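What follows is one structure encoded as structure tokens, with my remarks underneath.
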Amino acid sequence: MRLWPAFFLALPLLAQQPSEHPLAREILKQLIEINTTDSVGDNTKAAEAMAARFRDAGYPAADIQVLAPVARKGNMVVRLHGTESGLKPVLFIGHLDVVEAKRSDWSEDPFVLLEKDGYFYGRGTSDMKGDDATMITAFLRMKREGFRPARDLILALTSDEEGGPANGIQFLVKEHRDLIDAAFAINPDSGGGDIKNGKRIYMMMEAAEKVFASFHLEVTNAGGHSSQPIKDNAIYHLADGLSRLAKFDFPVHLFDVTRSEFEASAPYYEGQLGEDMKAVAANPNDAAAIARLSEKPQYNATLRTTCVPTLMAAGHAENALPQLATATVNCRVLPVDNVADVERTLIQVFDDPKIKVTAVKAAVNTPYTPIDPKVLSVVKAATTKNWPGLPVIPQLMLGASDGIYLIHAGIPTYGVGGIFGDEDDNRAHGRDERILTKSFDDAVDFMYDVVTGLAKN
């Protein structure tokens, strides 16, 4: 998610249905003020609170499920039935859990929603309880208005996206596939709008997602007394291998999503950056443009598969030669690259038979399929209605989201969210996380248009 400078508030207001905004803000406040961290939080409490709202709105009890595989790790699934039984449902997903937040690190209590200077502050405002609130509001509004979708609409609010055991979407896919099976899914966690220098520049829609793959490196040695060092040192072997990785870049591998992302984004960036985006889209072998883009982490990660060491450990005593040195290398693999090829490449880069490379867990290549034109059409229509003239740009998700588990399960998943974020002020997972109040209100209207638009197809 991304965030917004205060003067963005001065942008003109569009026609709204403000009656929904107080409800959405009330839901956001309730969600923020239920701590759902992995350490001490209670996701089940949040799931039950939202289930109560749906019961109060008139959803039959049989259509509301709270599923908690273990204490504090509840998930909520609600279904709005459609009129045509032959159509597969549309699934909307959002995670209720948030990353840790220490009161001592924040200016204010992270688990109390604070509205200040045009922003909502609180842990989870941008990742992703703000988006959860927009979807919940849309489902409540549809029930109140008697909206009848052509196909079933399902909303799943889940646990453990931010880490911890697989009690969320993975649990639902494995144990309750019937409750969430769908033609495709919408995941606002990997979508939303971009703001640059106080101006909305485009709506981004996730069209593909990188694969998360980690590898364990291990060097063993007989060790010995530190007073008699030798060159055959486990730490030296590991450090030398990682040093070679630091100097290595995987080859550039553009595919239709990233090529169109650079091409479509280029006009919205002035100077050399825009020119380089345009050049790479036209010629992925333009070495000068690639070199300049690669200096920026975001664009480097868009161009290629990346691998980086994230954890290290070695030795057992300060007066002993190390018998064991280990590291974890985390890779984010393009969906058009092969995880097995990445592992083979790492072994070649380390170029040391003493460095044993093992996959932390079997990574699965992510099947990639182009965006369904009907879905893209609905997103474009909702964007145009709420922000006339704003383009929709399909993008590659560089991080990780719950969408990957649905994709692996054969449910195409697209990142679509209405909250706009400032490229230069991203506070998700960080101190004083916040979203613009106006952007949140706008997203409430946008999400309703997306949900009801997809319900008709």
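What the table shows:
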| read-out | value |
| --- | --- |
| Every pair of residues 6+ apart whose Cβ atoms lie under 7 Å, when the first sits in the range 265-294 and is in contact (Cβ under 8 Å) with a residue 40 or more places away in the chain and of a type in the set (Gly, Ala, Ser) while the second is assigned to a helix (DSSP H, G or I) and surrounded by 15 or more Cβ atoms within 10 Å (Cβ to Cβ) | SER265/MET277; SER294/ASN300; SER294/LEU303 |
| Number of positions in the range 100-113 that are crowded, with 19+ Cβ neighbours inside 10 Å and either in contact with a helix residue (DSSP H, G or I) (Cβ under 9 Å, 6 or more places away or on another chain) or among the β-branched types (Val, Ile, Thr) (or both) | 3 |
| Of all residues in the range 225-238 being surrounded by 15 or more Cβ atoms within 10 Å (Cβ to Cβ) and in contact with a strand residue (DSSP E or B) (Cβ under 7 Å, 6 or more places away or on another chain), the one that is nearest to ALA185 (Cα to Cα) | LEU238 |
| Test set (1) closer than 21 Å to ALA24 by Cβ; (2) of a type outside the set (Val, Ile, Thr); (3) without any contact (Cβ under 8 Å) to a residue 12 or more places away in the chain - ARG103 fails condition number | (1) |
| Yes/no for VAL357 being surrounded by fewer than 23 Cβ atoms within 10 Å (Cβ to Cβ), closer than 30 Å to ILE235 by Cβ and either modelled with pLDDT of 90 or more or acidic (Asp, Glu) (or both) | yes |
| Criterion: buried (at least 22 other Cβ atoms within 10 Å of the Cβ), among the small types (Gly, Ala, Ser) and within 27 Å of ASN300 (Cβ to Cβ) - qualifying residue of GLY418, GLY403 | GLY403 |
| Qualifying residues in the range 199-243 (those that are of a type in the set (D, E, K, R) and in contact with an Asp or Glu (Cβ under 8 Å, 6 or more places away or on another chain)) - the one modelled with the lowest pLDDT | ARG200 |
| Any hit, the range 251-262, residues being assigned by TED's automatic domain parsing to the domain that holds PRO353, in contact with a helix residue (DSSP H, G or I) (Cβ under 6 Å, 6 or more places away or on another chain) and in contact (Cβ under 8 Å) with a residue 60 or more places away in the chain | no |
| HIS408 surrounded by fewer than 20 Cβ atoms within 10 Å (Cβ to Cβ), touching a Pro at 6+ places or on another chain (Cβ under 9 Å) and either under 27 Å from GLY164 (Cβ atoms) or among the small types (Gly, Ala, Ser) (or both) | yes |
| Filter result for the condition that a residue is closer than 24 Å to VAL112 by Cβ, touching a residue at least 60 places away in the same chain (Cβ under 8 Å) and touching a helix residue (DSSP H, G or I) at 6+ places or on another chain (Cβ under 7 Å), over ASP441, ASP402 | ASP441 |
| Pair list, Cβ under 9 Å, 6 or more apart: the range 145-163 residue under 24 Å from ILE404 (Cα atoms), other residue basic (Lys, Arg) and in a strand (DSSP E or B) | ASP152/ARG79; LEU153/ARG79; ILE154/ARG79; LEU155/ARG79 |
| Lone unmet requirement of (1) in a loop (DSSP other than H, G, I, E, B); (2) at pLDDT 95 or above; (3) among the polar types (S, T, N, Q) for GLN16 | (2) |
| Residue within the range 20-30 that is surrounded by fewer than 11 Cβ atoms within 10 Å (Cβ to Cβ), under 30 Å from TRP387 (Cβ atoms), more than 23 Å from the chain's Cα centre (by Cα) and modelled with pLDDT under 95 present | no |
| Selection count where residues are without any contact (Cβ under 8 Å) to a residue 40 or more places away in the chain and either not assigned by TED's automatic domain parsing to the domain that holds ASP449 or not charged (D, E, K, R) (or both), scope the range 14-33 | 4 |
| Within the range 306-337, tally of residues that are surrounded by fewer than 16 Cβ atoms within 10 Å (Cβ to Cβ) and at pLDDT below 95 | 0 |
| The range 146-181, subset surrounded by fewer than 20 Cβ atoms within 10 Å (Cβ to Cβ) and among the basic types (Lys, Arg), residue nearest to PRO412 (Cα to Cα) | ARG177 |
| Residue count, the range 130-145 (criterion: buried (at least 21 other Cβ atoms within 10 Å of the Cβ), closer than 23 Å to LYS88 by Cβ and aliphatic (A, V, I, L, M)) | 3 |
| In the range 69-98, residue nearest to THR137 (Cα to Cα) [restricted to those that are surrounded by fewer than 18 Cβ atoms within 10 Å (Cβ to Cβ) and hydrophobic (A, V, I, L, M, F, W, C)] | LEU87 |
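Per-residue answers, yes or no, for (1) within 30 Å of ARG244 (Cα to Cα); (2) at pLDDT 95 or above; (3) aliphatic (A, V, I, L, M):
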{"residue": "ASP341", "(1), (2), (3)": "yes, yes, no"}
{"residue": "ASP352", "(1), (2), (3)": "yes, yes, no"}
{"residue": "ILE371", "(1), (2), (3)": "no, no, yes"}
{"residue": "VAL379", "(1), (2), (3)": "no, yes, yes"}
{"residue": "GLY389", "(1), (2), (3)": "no, yes, no"}
{"residue": "ASP422", "(1), (2), (3)": "no, no, no"}
{"residue": "PHE440", "(1), (2), (3)": "no, yes, no"}
{"residue": "VAL450", "(1), (2), (3)": "no, yes, yes"}
{"residue": "LYS456", "(1), (2), (3)": "no, no, no"}
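Matching residues to (1) in contact with a strand residue (DSSP E or B) (Cβ under 7 Å, 6 or more places away or on another chain); (2) touching a residue at least 40 places away in the same chain (Cβ under 8 Å); (3) part of a loop (DSSP other than H, G, I, E, B):
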| position | (1), (2), (3) |
| --- | --- |
| ALA340 | no, no, no |
| GLU343 | yes, yes, no |
| LEU346 | yes, yes, no |
| THR358 | yes, yes, no |
| ALA362 | no, no, yes |
| TYR368 | yes, yes, yes |
| VAL378 | no, yes, no |
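The values are calculated or read from the model by the stated rules, or taken from the named source; none is laboratory data. Treat the numbers as computed from the prediction; the structure is a model and nothing was measured. With ideal geometry, Cβ positions are generated from the backbone for all residues, glycine too; neighbour counts draw on all protein chains shown.
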